[in-house]
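Have a look at the structure below before the remarks.
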Amino acid sequence: MGKYVFGVDLGGTTVKLGLFETEGKLLEKWEIPTRKEDNGSRILPDIAASIKKKMSDKALDKNDIAGVGIGVPGPVDGNGVIYKAANLGWGKFSVKEELAVLLGGIPVEAGNDANVAALGEMWKGGGEGYTNLVAVTLGTGVGGGIIVNGRILTGATGAGGEIGHIHLEDNETDSCGCGNCGCLEQYASATGIARLARKKLAATDAPSSMRSHKDISAKTVWDAVKNGDALATEVAKEFGEYLGKGLAAIACVVNPEIFVIGGGVSKAGEILLDYIREPYKKYVFHASRDTEFALAALGNDAGIYGSARLVLG
């Protein structure tokens, strides 16, 4: 096996790439634009060209490279086949095989971006030292990645880990982005937290520092919580109730050692975990009650770390 591995995190705007030693040391990282013209037909050739250039710059040949891992924004099965990535213009095809051909036969492994980010956090991040974990990404939506015995749980069509679409609220009338109503991400995402806050403010005349903000964000809410704002604290409790209940349901299926919480909302810090733990313990099956919680540690680099780890098995 070669001494080096490349990790690729394919996003809708940019592609992040990293060159690693196989033990996990990041040697260099860089970005290229994601060119989505012509139904995304230029994306993989651009990635291959960038990797080949880096190999040339570093005087590396194919024998030096253990492989290339890539995380993509869509369901990917265990054979590296993506089923659809609408924001890239992609339909169903084998990312693994096509990129390997473009790289002249260098081994390639492909996975869903949220799943490989979870793998990265297990390898060198907030979940280091654990082999059974669930990574939760609280951003515009709620993403997830499930690792069982050190391996990604992909499911039959690569949709394993879509935890943001666990149904939690029967009385919800607004639609989630997926088309259903009452999904976890409608309450626990950054946009969901802001939505809870706006509803709370509209339902009462109680004073709150949040009222001074024209555009309420999740950060607005958590900053107010830290300052002792009573109404913001109610929002945080409601958020924690939904997320704690959702994670309790997940724990009953996969029994993780640890939940690793990342994404933009996690920048609130440890206080975020305080609002999740209690409702989680209230709802979870007793055998999973002592599951640990930690904040993600790799930030935007989780994807390249996880993609690199994907190659190493």
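Values in this text are rule-based calculations from the coordinates and carry no lab data. Not measured: the values here are computed from a predicted model. Cβ sites come from the backbone with ideal geometry, for glycine too, and all protein chains shown count toward neighbours.
Listing for the model above:
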item: Size descriptor, Kirkwood hydrodynamic radius, that averages inverse alpha-carbon separations across the stretch 253-304, Å; result: 12.1 Å
item: Share, in percent, of DSSP beta bridges within the chain that are antiparallel, nearest 5; result: 60 percent
item: Share antiparallel - DSSP beta bridges, the stretch 129-297, percent rounded to 5; result: 55 percent
item: Shape of the stretch 85-169, Cα gyration tensor, a/c cut at 1.5; result: oblate
item: Cleavage-rule hits, GluC sites (Glu not before Pro), the stretch 21-62, DSSP coil, Cβ neighbours within 10 Å at most 10; result: Glu23
item: Tail beyond 20 Å, pair distance distribution of the stretch 129-297 (Cα, percent); result: 50 percent
item: DSSP-loop trypsin sites (Lys or Arg not before Pro) across the stretch 190-240, with at most 12 other Cβ within 10 angstrom; result: Lys214
item: Calculated Rg and Dmax of the chain using C-alpha coordinates, Å; result: 20.4, 68
item: Relative contact order for the stretch 129-297, counting Cα pairs under 8 Å that sit 6 or more residues apart, in percent; result: 24 percent
item: Among the listed pairs Lys25/Lys62; Lys53/Lys124; Lys124/Lys281; Lys92/Lys219, those beyond 30 Å (Cα-Cα); result: Lys92/Lys219
item: Loop sites in the stretch 206-313: chymotrypsin sites (Phe, Trp or Tyr not before Pro), DSSP, at most 12 other Cβ within 10 Å; result: Phe285
item: Interchain or long-range residues, amide H under 5 Å from Gly263's placed H; result: Leu138
item: Mean residue ellipticity (222 nm) of the chain, computed from DSSP H runs ≥ 4 via -39,500 (n - 2.57), nearest 500; result: -11500 deg cm²/dmol
item: Mean separation of Cα contacts under 8 Å (6+ apart) over length of the chain, as relative contact order %; result: 21 percent
item: Equivalent ellipsoid semi-axes, the stretch 22-118, via Cα gyration tensor eigenvalues times 5, rooted, Å; result: 22, 16, 13
item: Viscosity 1.002 mPa s, 20 °C: Kirkwood-radius Stokes-Einstein D of the stretch 208-313 over Cα pairs, µm²/s; result: 140 µm²/s
